[in-house]
1. Among the residues of region 73-88, write down those that are over 30 Å from ARG221 (Cα atoms) and touching a Lys or Arg at 6+ places or on another chain (Cβ under 8 Å).
2. Residues of region 169-185 being under 15 Å from GLY86 (Cα atoms) and touching a helix residue (DSSP H, G or I) at 6+ places or on another chain (Cβ under 6 Å), which ones?
3. Applying the selection to region 7-39, what residues are touching an Asp or Glu at 6+ places or on another chain (Cβ under 7 Å) and crowded, with 16+ Cβ neighbours inside 10 Å?
4. With respect to the numbered conditions (1) surrounded by 24 or more Cβ atoms within 10 Å (Cβ to Cβ); (2) in contact with a Leu (Cβ under 8 Å, 6 or more places away or on another chain); (3) in contact (Cβ under 8 Å) with a residue 60 or more places away in the chain, which one is the sole condition not fulfilled by THR42?
5. Restricting the search to region 26-65, which residues are closer than 19 Å to LEU217 by Cβ and β-branched (Val, Ile, Thr)?
6. Please work out if ALA117 is among the small types (Gly, Ala, Ser) and under 26 Å from ALA184 (Cβ atoms).
7. In region 1-105, which helices (runs of 4 or more DSSP H) lie fully inside it and hold 2 or more residues that are of a type in the set (A, V, I, L, M, F, W, C), at pLDDT 95 or above and in contact with a strand residue (DSSP E or B) (Cβ under 9 Å, 6 or more places away or on another chain)?
8. For residues that are in a helix (DSSP H, G or I) and either among the aromatic types (Phe, Trp, Tyr) or crowded, with 16+ Cβ neighbours inside 10 Å (or both), tally how many sit in region 106-157.
Amino acid sequence: MTVSRADVCAVACADLFRDDGEILASPMGVLPSLGARLARLTFAPELLLSDGEATLLDADGVAEGWLPYRAVFDVVAHGRRHVVMGANQLDRHGNQNISCIGPHARPTRQLLGFRGAPGNTVNHRTSYWVPRHSPRVFVSEVDVVSGVGYDRSAGPYHDLHRVVTNLAVLDFGGPWRTMRLVSAHPGVAVDDVVEETGFPLEVNGVSVTRTPTDAELELLRSLDPSGRRAAEVRS
């Protein structure tokens, strides 16, 4: 079977949830959602998927339980959740900006706002999905801190896990919990990832991101028959 860059990104997003156990997955966006459903169907059968309101769903979208919105805050506060957010800016410590570009008092561009980013990052595991890896996203310093990075004290549940992009997978295993290149996607050179990152990356022991198995490819095509993943990630 032919494997696209979008397929590789989908399984990389699925692998974010590996070994998480029975936790609430909160993936935001096409690829993270597809990855969570793929994980649930394969190596993470205990993963809990929500419709974002009050219903727990299986990987096919069929209701299998009830989780009212008020109860989500109990899950959040006790670290039993893994959210995958986007980022307009990320720095080497994992500080995220989804609020605005430019000075907060007088921004040049208004974005989503802080929303749930501060609470997510200090209360439970957080990963990021970036469909366009570039120096405009991976910056030396974010304009506004929405999600909290490792250079700021954030309590016992602060857990920045990984970053998946259209080029690579990264984590925070560098010196002083800074960003490290874990793997480059097939066909992507390490130098390309470094060039598209606006701060120094730890690059020791970089591997190639795994490709999906034939079984995973079949599942991806059944979960995403219209090919929305390809529209988000260009090969």
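The values are calculated or read from the model by the stated rules, or taken from the named source; none is laboratory data. This structure is a prediction, so every number in the text was calculated from the model and none was measured. Here the Cβ is made from the backbone with ideal geometry for all residues, glycine too, and neighbour counts use every protein chain on show.
1. VAL75, GLY79
2. VAL169
3. Just the residues of region 7-39 that are touching an Asp or Glu at 6+ places or on another chain (Cβ under 7 Å), to begin with: 11, 21-22, 30-31, 34, 38.
Within region 7-39, VAL11, VAL30, LEU31, LEU34, LEU38 meet the criteria.
4. Every condition holds for THR42 apart from (1).
5. Within region 26-65, the first condition is being closer than 19 Å to LEU217 by Cβ, and the residues that meet it are 30-44, 59-60.
Correct list: VAL30, THR42.
6. Numbers: among the small types (Gly, Ala, Ser): yes; under 26 Å from ALA184 (Cβ atoms): no.
For ALA117, the condition - among the small types (Gly, Ala, Ser) and under 26 Å from ALA184 (Cβ atoms) - is not met.
7. Details: elements: 5-15, 30-41, 69-77.
Those helices (runs of 4 or more DSSP H) span 5-15, 30-41.
8. Keep residues of region 106-157 that are in a helix (DSSP H, G or I), which gives 117-123.
Within this subset, residues satisfying the condition of being either among the aromatic types (Phe, Trp, Tyr) or crowded, with 16+ Cβ neighbours inside 10 Å (or both) are 117, 119-123.
The total comes to 6.
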